[in-house]
Each structure stands twice: as C-alpha cells, then as structure tokens.
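Below is one structure, written out as structure tokens; comments come after it.
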C-alpha cells in the first residue's frame with residue numbers, strides 16, 4: 001500500500017535507503033566503526049546525540065519524483081508538522097569520519113519527532 005501522507009512517504013524513503021546512512025555520536029565522530037558505515041553510497045548522516053538526520057536533498061527529490069510524489073507538497077507538509085527543520089541545510093555528510101566528501105544541500109530532519117516514532121534509532 002502506498003503512503004498516504006508526507007510522513008509515511010518519508011518513512012518509506014528512509015527504509016528503502018537505510019544502507020546509505022552513516023551514524024555518528026560524539027564517541028565515534030573520529031572513527032566510523034564498521035557497523036555505522038553506509039553499505040552503499042553515502043546519502044544520509046544521522047547524529048544520535050542530537051537526534052538529527054541529514055538527507056541529500058537531490059537524492060530525496062529524485063526518489064519522490066521517480067515514485068510520483070509531489071516534492072513541494074511533501075516538503076511543505078513535513079515543515080508544517082515539524083519533522084523537516086530545514087530543506088536547504090548545507091552539511092558535509094562524512095565530516096569527522098574517514099569518509100571523504102564536501103558540503104551538500106540536505107534536508108535536516110528531526111529524527112526524534114513523535115510522528116517518526118523510533119524508526120531511526122531502532123535501525124541505526
């Protein structure tokens with residue numbers, strides 16, 4: 001069954017791309033251990049200490065358009081609900097790890113938002 005709202009759409013995206021996430025905490029910022037490294041290309045950064053997730057904006061836009069979701073409507077609904085904190089945040093996803101890369105424009109997501117439940121912390 002297809003998601004019926006923006007949060008469901010975001011959750012579907014996050015589940016589909018969980019292998020592209022690097023997970024960092026203050027303790028492992030300098031050393032990304034094997035279980036925190038992305039399996040595939042890096043498209044997400046989750047900082048557990050501050051419950052914040054960054055997702056490359058171009059990546060999520062492509063996903064939404066490919067799956068026939070309205071990017072602007074989804075973005076606006078997530079902002080209204082307080083899930084999406086910033087749709088144009090610049091972040092270096094591999095910062096503080098041995099993963100190289102430069103700044104990219106990202107969605108900054110409140111990972112501990114009640115509507116997301118424990119989705120991110122359970123899988124990371």
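Any read-out appearing in this document is the output of simple, stated calculations on the displayed coordinates, not a laboratory observation. Please read these numbers as outputs of a predicted model, since none were measured by experiment. Every residue, glycine as well, gets a Cβ built from its backbone with ideal geometry; the counts of neighbours run over all protein chains shown.
For 78, 64, the sequence from fewest to most other C-beta atoms within 10 Å is 64, 78. On full extension, the segment bounded by residue 103 and residue 80 gains 5.7 nm, given 0.36 nm per residue less the C-alpha separation. Spin-label model, residue 73/residue 51: points 7 Å from Cα along the beta carbon direction are separated by 3.0 nm.
With a Förster radius of 22 Å applied to the C-beta separation of residue 41 and residue 88, the computed FRET efficiency comes to 0.55.
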